[in-house]
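Here the structure is laid out as structure tokens; the discussion comes afterwards.
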Amino acid sequence: MAKKTRNLTWADVTPETHFLNRRQILAGAGAVSLGAIAGRGRATEGLEPNSFEDITSYNNFYEFGTGKEDPARYAHEMTTAPWSVTIDGMVDKPGSYDLAALTDGMTIEERIYRFRCVEAWSMVIPWNGFELRGLLDRVGVQPGAKYVAFETLYRPDEMRGTRSRIIDWPYREGLRLDEAMHPLTILATGLYGKPMPNQNGAPIRLVVPWKYGFKSIKSIVRISLVAEQPETSWNMIAPNEYGFYSNVNPAVDHPRWSQATERRVGGGLFAARQDTLMFNGYEDEVAGLYEGMDLKRFY
Ligand SMILES: Nc1nc2c(c(=O)[nH]1)N[C@H]1C(S)=C(S)[C@@H](COP(=O)(O)O)O[C@H]1N2
Ligand SMILES: [Mo]
């Protein structure tokens, strides 16, 4: 089997002429650093990112409705400036941080990641963001903290989907501390070198590429360092279908569908389904986090 892609850059996936165009676009967009991240894998299978159009028109963001087109239609109703994120719990420097303060001094990198929704579709997305561990190090994680809990903005008058009680708002997610500290885990502030579109979770959202998409919580307003495993939205809705871990795993099916294959969004009507990769192709990097764990039990 071909070596799996871990982290890609435009130089890996785009023919040179396109690459130059992209570079120009990115340069115009400001502080985006290009280039491979040392020590991570390279593309070997010609993966190409989905188009900006695909990534911003086919979304899950239930605060704006359950349809895939709803976020593109309605997420512009969400005000994203000013924006602050409360960091609390077991940290040395708790507080309410303005977005600019959070990102100040962080190197915004380009990270081209596979993205696999639990619904068995996938994309490849060129995110811009920084490692969550950089932020956690800065606020000072205290010894008792074992998990990180995240919350999305809950502002009903700007989020028409929250009239439906399908989720006990705000949308919540969580990671084990070692998952949160993993270098692949980023807070993304943009894609394709542009500020994060509202429908993708402006102005700042989590991206955990080896887990099902619902772990990658959007439009974050609160990050809490806690001792106990936090409640998470999809797990609260259907605990037998959506576990806390939700690592991409082709060998553990969803109770109602197979997870062995996936449909690549934008592949066209007749494109073959692709095999789903263990940990979404990031096995070399993250398998160590789960050594000795029964991944069928801790799904
Ligand atoms: N707040 C919030 N975050 C969310 C969701 C949501 O409904 N609300 N949907 C999740 C799901 S199921 C997926 S697949 C991804 C989709 O991200 P994208 O629209 O940027 O591709 O966002 C995740 N984060
Ligand atoms: Mo999803």
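Just to be sure I understand, how many residues within the range 168-186 are more than 13 Å from ligand 1 (Cβ to nearest atom), assigned to a strand (DSSP E or B) and among the acidic types (Asp, Glu)?
0
Considering only the range 188-197, I want to know if a residue exists there that is at pLDDT 95 or above, closer than 15 Å to Leu132 by Cα, open to solvent by 10 Å² or more (accessible area, probe 1.4 Å) and within 12 Å of ligand 1 (Cβ to nearest atom).
The answer is no; no qualifying residue exists.
Residues of the range 187-207 being assigned to a loop (DSSP other than H, G, I, E, B) and touching a Gly at 6+ places or on another chain (Cβ under 6 Å), which ones?
Listed by number, the list holds a single entry, Met196.
Working carefully through the options Leu132, Leu175, find the one that is without any contact (Cβ under 8 Å) to a residue 60 or more places away in the chain and crowded, with 22+ Cβ neighbours inside 10 Å.
Leu175 is the lone residue from the list that is without any contact (Cβ under 8 Å) to a residue 60 or more places away in the chain and crowded, with 22+ Cβ neighbours inside 10 Å.
Inside the range 60-116, can you point out the residues that are of a type in the set (D, E, K, R), open to solvent by 60 Å² or more (accessible area, probe 1.4 Å) and assigned to a loop (DSSP other than H, G, I, E, B)?
Hits for the range 60-116 are Glu69, Asp92, Lys93, Asp104.
List every residue pair whose Cβ atoms sit under 7 Å apart, with the two residues 6 or more apart in sequence or on different chains, where the first one lies in the range 222-242 and is free of Cβ contacts under 8 Å to residues at least 24 places away in the same chain and farther than 24 Å from Arg155 by Cα and the second, anywhere, is open to solvent by 40 Å² or more (accessible area, probe 1.4 Å) and away from ligand 1 (no atom under 13 Å from the Cβ).
Within 7 Å, the pairs are Asn240/Pro255; Glu241/Pro255.
Which of the residues belonging to the range 219-229 are open to solvent by 20 Å² or more (accessible area, probe 1.4 Å) and within 15 Å of ligand 1 (Cβ to nearest atom)?
Of everything in the range 219-229, those that are open to solvent by 20 Å² or more (accessible area, probe 1.4 Å) and within 15 Å of ligand 1 (Cβ to nearest atom) turn out to be Val221, Arg222.
The values are calculated or read from the model by the stated rules, or taken from the named source; none is laboratory data. Keep in mind that this is a model prediction, so the values were computed, not measured. Quick reminder, even Gly has a Cβ in these numbers, built from the backbone with ideal geometry, and neighbours come from all protein chains shown. Quick note on the areas: whole protein, heavy atoms, side chains included, nothing else; ligands and nucleic acids left out. Shrake-Rupley method; radii C 1.70, N 1.55, O 1.52, S 1.80 Å.
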